[in-house]
Amino acid sequence: MSDKPSKKQDLRARYTKQILGESLLQLLEEKPLGKITVKELCAAADINRATFYAHFSDIYELMDEMKKELEKNVLEHMEKWVSDTRLDKRESLTEYLRFTRENAFLYLLMREENGADSLRSHTWEVVKRHQLSHPPVSAPQLPENQQEYLLVFYTYGITQVIDEWLRQDAPISAHELADMLYRYCIPEMQGRPLSGGNGP
């Protein structure tokens, strides 16, 4: 008989981890991670401690798994956006923004805490891999090593705009922000002239 978990067991494990993760995020809105106990988390999730320990050794392991999963999904969404071959990438950018909005609390926690270098560096590598072949329109004759400095400027500027949008609880829609970025910031990264007004 195979020791491989059944589909039902796998679904149950994923559901348990999802509930624990959601409950941990709710508790993190009230107190820092170091102040949250396993007993408190299990009570919030309505899960017994034996079930918790069947999946994690402590709360820090749960948090690490949540961060790794979010980083993986952030990079997948970003890869889809920056590798989009269509001239108008607003649709894929909007999808990326919607994903960050749905996961805003943990996303900002990862971006702002000490040790956030992993997400930042991986984000930069994704952008650099796709964008260095398209020098900014403001300086198309710059050598590649100088183009990279401009790309850092645009990339981190756009990232900070997204962070601020999330900190303000997304006062405009993902579509509106994507449209603004596409018109006034991203064309520079793609080697296209800026557009104004209401046209495409």
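The values are calculated or read from the model by the stated rules, or taken from the named source; none is laboratory data. Just so it is clear, the structure is predicted and the values come from calculations on it, not from any experiment. As a convention, Cβ positions derive from the backbone with ideal geometry for all residues, glycine included, and neighbour counts pool all protein chains shown.
Some notes on this structure:
- Filter pass, Lys68 being in the same structural domain as Cys185 (by TED's automatic domain parsing), assigned to a helix (DSSP H, G or I) and either touching a Ser or Thr at 6+ places or on another chain (Cβ under 6 Å) or among the small types (Gly, Ala, Ser) (or both): no
- Residue match in the stretch 49-64 (condition: within 20 Å of Phe99 (Cα to Cα), under 26 Å from the mean Cα position of the chain (by Cα) and of a type outside the set (Val, Ile, Thr)): yes
- Candidates in the stretch 33-48 are the residues that are under 26 Å from the mean Cα position of the chain (by Cα) and in contact (Cβ under 8 Å) with a residue 12 or more places away in the chain; of these, the one that is surrounded by the fewest Cβ atoms within 10 Å (Cβ to Cβ) is Leu33.
- Conditions (1) closer than 30 Å to Tyr149 by Cβ; (2) surrounded by fewer than 16 Cβ atoms within 10 Å (Cβ to Cβ); (3) not basic (Lys, Arg); number of the one not met by Glu30: (1)
- Put simply, of Arg90, Arg111, Arg98 the only residue that is surrounded by fewer than 18 Cβ atoms within 10 Å (Cβ to Cβ) and charged (D, E, K, R) is Arg98.
- Any hit, the stretch 126-142, residues being at pLDDT 75 or above and surrounded by fewer than 18 Cβ atoms within 10 Å (Cβ to Cβ): no
- Count of the stretch 82-118 residues which are out of contact with any Asp or Glu (no Cβ under 7 Å at 6 or more places or on another chain) and modelled with pLDDT under 85: 14
- Filter pass, Asp10 being more than 24 Å from the chain's Cα centre (by Cα), surrounded by fewer than 15 Cβ atoms within 10 Å (Cβ to Cβ), assigned to a helix (DSSP H, G or I) and not polar (S, T, N, Q): yes
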